[in-house]
Amino acid sequence: MPPKKKYNPAALEKKWIEIWDKKELHKTNLKDPKKPKYYNLVMFPYPSGDKLHIGHWYSYAPADSWGRYMRMKGFEVFQPIGFDSFGLPAENYAIKTGIHPSKTTKTNTDYMRKQLAAMGAAWNWDAAVMTSSPDYYKWTQWIFLQLYKNGLAYRKEAPVNWCPGCQTVLANEQAQDGKCERCDSEVTKKDLAQWFFKLKKYAQKLLNYDGLDWPEKTKLMQQNWIGRSEGVNIDFPLADDSGKLTCYTTRPDTIYSVTFIVIAPEHPWVKKAVSGTEHEKPVNKVIDKIKKQTDIERTSETGKDKLGAFTGKYAINPVNGEKIPVYIANFVLMYGTGVVMADAHDQRDFEFAHKYDIPLKFVISGTGKKTSPKNAKEAHTDDGTLFDSGQFSGMNNREALPKIAEWLEKQGMGKRTVNYRLRDWLLSRQRFWGAPIPIVHCEKCGEVPVPDKDLPVELPKYVDFKPKGDGKSPLATSPKFVNTTCPKCKGKAKRETDTMDTFVCSSWYFLRYPTAGSKSHAFDKKILDKWMPVDMYIGGPEHACMHLIYARFIHHVMHDLGYVKAKEPFRRLVHQGMITKDGAKMSKSKGNVVSPDAFVKKFGSDIFRMYLMFMGPFTEGGDWNDKGIMGVKRFADRFWNLMIQPDGEGNDALVHKTIKKVTDDMEKLHFNTVIAAIMELTNASMKTGLTKTQKQSIIRLLAPLAPHLCEELWELNSGRGSVFNAQWPTYDESLLVEDTMTLAIQVNGKLRGTVEVSKDTEEKDVLTAAKAVENVAKYVSEGTLIKEIYIKGKMVSLVIKP
RNA sequence: GCCCAGGUGGUGGAAUUGGUAGACACGCAGGACUUAAAAUCCUGUUCCGUUUACGGAGUGCGGGUUCGAUUCCCGCCCUGGGCACCA
């Protein structure tokens, strides 16, 4: 007997990666796909010092398996990869060490490219992008200008996060929980001129998910984030005839309960109203106090204490003519109109009224209590019947709500309005390692956009990274960069020194991939219309309200401007679960980051990725441990041995059943049960062996999950060409129906036996056979049989009475 | 506080238009091979009761609907995720 060839992952994976590369197996015909297109996308990695960790593998390997599966199903698959290479860590590292971010980025991406290559995934490297490369950010700047020219980008004074310790501006993600991530100082706010995109303008459009196959959870999260609310703007005339205050409310049914008005401290009306009065001093004192509250105080329990001051002004409740006082209050935000009508049916208003001794009245009954608001401990927030509410008394408050809104509008007292919690996107960063905002400030002409032909506005090579404490980007330290001429009047001008949020770079990278390989315009309509939208997008759920909203927004804008035909960028979205280590998120600071490299070296890419997929459901994630990897290795060895055995005679029914199960589960991305099914089939076939045809079917089933292994086995079993150019196997329905079936028999709901009958046995014969089963007969004889149920193909249920 | 997802053996997990709970693995125990170990193969493995067979309990807890509930309904508890003074 010739010596059995052993499964040697290392040699075999190296061999096939080289062959695939040489034969350009993973190139996509982007210009003229001959088969239906399939755009398979993963969220690109940030090139951090940690390199690719287990989490990346956990999402990228199954994503690759999915792409290979779609390819075998007959699609022209486009599966690109790139790097989200602008961002903070590289810059922070530069501040500490003086090493230029471009250097760090290169080191990290070089290493990660090797890791990605070792995965043996079907990446289309020709289309790779790197957001920090001028070829790329040229177009990020171009997109900015498109928004600017179409009135969707503007500059306005706004508070930014400021760390007094580091003397620098912080991005939101560096200032989590109100503390600087580096020095732990409490973050304060500083007013600086900032750039915004008009995200809010797209709020309504972003609530439409027609035709999108997205997780319900993600849609819900976005909907909550966008926060649409329907309400009424109600006008309250001021008692001194100096105008009116407009309150936004979603609860017009409580209008008869309103006994005061609260207004946001930063509302411009406040300054005017108190100016020169006896209330000016106390009001300003409270405003100062509120301003000084840090984010930590504001969100802590004690920080939630109601704080305010009387403005000295009164307004008139339009529905009953009552004179009601106007207060500033810390809990009122500049949302809606920044003015809120306050009453006894809202917990916050209630607390405020009790603190400042403002009268309250209830207008909704229902709790059965007759307590007066003054003695009550809490606001009445339950629904009930209205009283003391004019013509609406006696109605249920929820039913009255729309009627009151309508009536207010008819009376000219209010107007129905929609509000969103979503705010405009603050995109400027006072940072070095990002795409410069392509704007020039000219003394004569003001803000002037850089002409398209002058793009990209390149980052200067040499700047001083150390924070200066002036709130400016390090770009401001480079005179060569800053001093320029105005594109309009050719006079002296200065460049904008802020850079863009990295989320701007990542909000369109999927639009760049299809054209990245050619030197064409990034928005080459011929290619983009062919390839957009992305058919499958796989990435973490943590991006639900940031990246996935920004990307949809930019895509919507580009659609509206006529650059892309598709309305939405991502047709199907799937989130992988998170991999933790001992229950904690993996992070450098915790020192619990697990590298995949050692496992890949020891077991090979195929076994490692199969183990990740076998661990549990793809969308669930889990806690990392390597205990079970030997089980997958054993399986791979057995699978190999089975496939190189001389041909035998396997069970065709089982093979076809497995093809069906695997196909169904692949569609749902249930990779764990796919592997289990193939394991089962492998175990069952070890003794009998398999025919050549059966082998070829099963090799194709496992190929997306263990590409190198199956490519080799495909060759050894005389498959033609690459297994990934072979068609996904189909199954024969007629082979799935079994001749006999085993039925469970229950007596009074308890399992008492089973019976085997042929598949088309009539009901009465099945029941007879069931009752004849010894153990069943024993129970039946103990009482009177009062009911017999036969569920076809499943079971028999007998009910007896003692 | 509000919204969402989930809770199944020692472990990871399977199974839901309501129909034999625990597939597939890990681990563990026993056995074969071996001078021995590793590797491999075979057998067993939810728990409790005496012996293949059998009975009882069992899918976070307490009720309910049903011939039958991990699956549906009601009320709780716990874990994870998101939002958090948005009127």
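Against the numbered list (1) out of contact with any Lys or Arg (no Cβ under 6 Å at 6 or more places or on another chain); (2) of a type outside the set (Lys, Arg); (3) crowded, with 17+ Cβ neighbours inside 10 Å, A:THR730 comes up short only at (3). Within the stretch A:127-177, the residues that satisfy the criterion of being in a helix (DSSP H, G or I) and open to solvent by less than 10 Å² (accessible area, probe 1.4 Å) are A:ALA127, A:TYR136, A:TYR137, A:THR140, A:GLN141, A:ILE143, A:PHE144, A:LEU145, A:LEU147, A:GLN174.
Would you check if there is a residue in the stretch A:370-379 being crowded, with 20+ Cβ neighbours inside 10 Å and within 37 Å of the chain's Cα centre (by Cα)? Yes: the stretch A:370-379 contains one or more residues that are crowded, with 20+ Cβ neighbours inside 10 Å and within 37 Å of the chain's Cα centre (by Cα). Listed by position, the helices (runs of 4 or more DSSP H) inside the stretch A:493-603 whose residues that are more than 18 Å from the chain's Cα centre (by Cα) number at least 2 are A:509-516, A:525-531, A:547-560, A:597-603.
Flag: A:THR109 does not match the condition of being β-branched (Val, Ile, Thr), in a helix (DSSP H, G or I) and buried (at least 21 other Cβ atoms within 10 Å of the Cβ). Quick check, is A:TYR39 in contact (Cβ under 8 Å) with a residue 24 or more places away in the chain, farther than 30 Å from A:GLU458 by Cβ, touching an Asp or Glu at 6+ places or on another chain (Cβ under 6 Å) and not in a helix (DSSP H, G or I)? Yes, satisfied. Here A:LEU192 does not fit the description of being without any contact (Cβ under 8 Å) to a residue 12 or more places away in the chain, of a type in the set (A, V, I, L, M) and either surrounded by 15 or more Cβ atoms within 10 Å (Cβ to Cβ) or not in a loop (DSSP other than H, G, I, E, B) (or both).
Here A:LYS488 meets each of (1) assigned to a loop (DSSP other than H, G, I, E, B); (2) under 30 Å from A:GLU568 (Cα atoms); (3) open to solvent by 20 Å² or more (accessible area, probe 1.4 Å) with one exception, condition (2). Tell me, which residue of the stretch A:661-695 that is more than 13 Å from RNA strand B (Cβ to nearest atom) and surrounded by fewer than 21 Cβ atoms within 10 Å (Cβ to Cβ) is farthest from A:ARG68 (Cα to Cα)? Looking at the filtered set, the residue picked out is A:GLY689.
The C-beta contact set for the stretch A:244-256 (first residue within 11 Å of RNA strand B (Cβ to nearest atom), second residue in a strand (DSSP E or B) and among the hydroxyl-bearing types (Ser, Thr, Tyr), distance under 7 angstrom, 6+ apart or interchain) comprises A:TYR248/A:THR417; A:THR250/A:SER229.
Matching residues to (1) in a helix (DSSP H, G or I); (2) within 14 Å of RNA strand B (Cβ to nearest atom); (3) open to solvent by less than 40 Å² (accessible area, probe 1.4 Å):
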position	(1), (2), (3)
A:GLY394	no, no, no
A:LEU401	yes, yes, yes
A:GLU406	yes, no, no
A:VAL418	no, yes, no
A:PHE432	no, no, yes
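When you look at A:PRO438, is it in contact with a helix residue (DSSP H, G or I) (Cβ under 6 Å, 6 or more places away or on another chain) and under 30 Å from A:VAL482 (Cα atoms), yes or no? Considered against the rule, which asks whether it is in contact with a helix residue (DSSP H, G or I) (Cβ under 6 Å, 6 or more places away or on another chain) and under 30 Å from A:VAL482 (Cα atoms), A:PRO438 comes out as yes.
Would you be able to say whether some residue in the stretch A:614-626 is without any contact (Cβ under 8 Å) to a residue 40 or more places away in the chain and either away from RNA strand B (no atom under 15 Å from the Cβ) or over 22 Å from the mean Cα position of the chain (by Cα) (or both)? Taking every residue of the stretch A:614-626 in turn, at least one turns out to be without any contact (Cβ under 8 Å) to a residue 40 or more places away in the chain and either away from RNA strand B (no atom under 15 Å from the Cβ) or over 22 Å from the mean Cα position of the chain (by Cα) (or both). So which residues in the stretch A:165-213 are in contact with a helix residue (DSSP H, G or I) (Cβ under 9 Å, 6 or more places away or on another chain) and among the aromatic types (Phe, Trp, Tyr), if there are any at all? Across the stretch A:165-213, the qualifying residues are A:TRP195, A:PHE197, A:TYR202, A:TYR209.
The values are calculated or read from the model by the stated rules, or taken from the named source; none is laboratory data. Note that the coordinates shown come from a computational prediction; the quantities given were computed from them, not determined experimentally. Positions of Cβ are generated from backbone atoms using ideal geometry, with glycine treated the same way; all protein chains shown enter the neighbour counts. Each accessible area value is taken on the protein alone, full model and side chains, heavy atoms only, with ligands, DNA and RNA left out. Shrake-Rupley method; radii C 1.70, N 1.55, O 1.52, S 1.80 Å.
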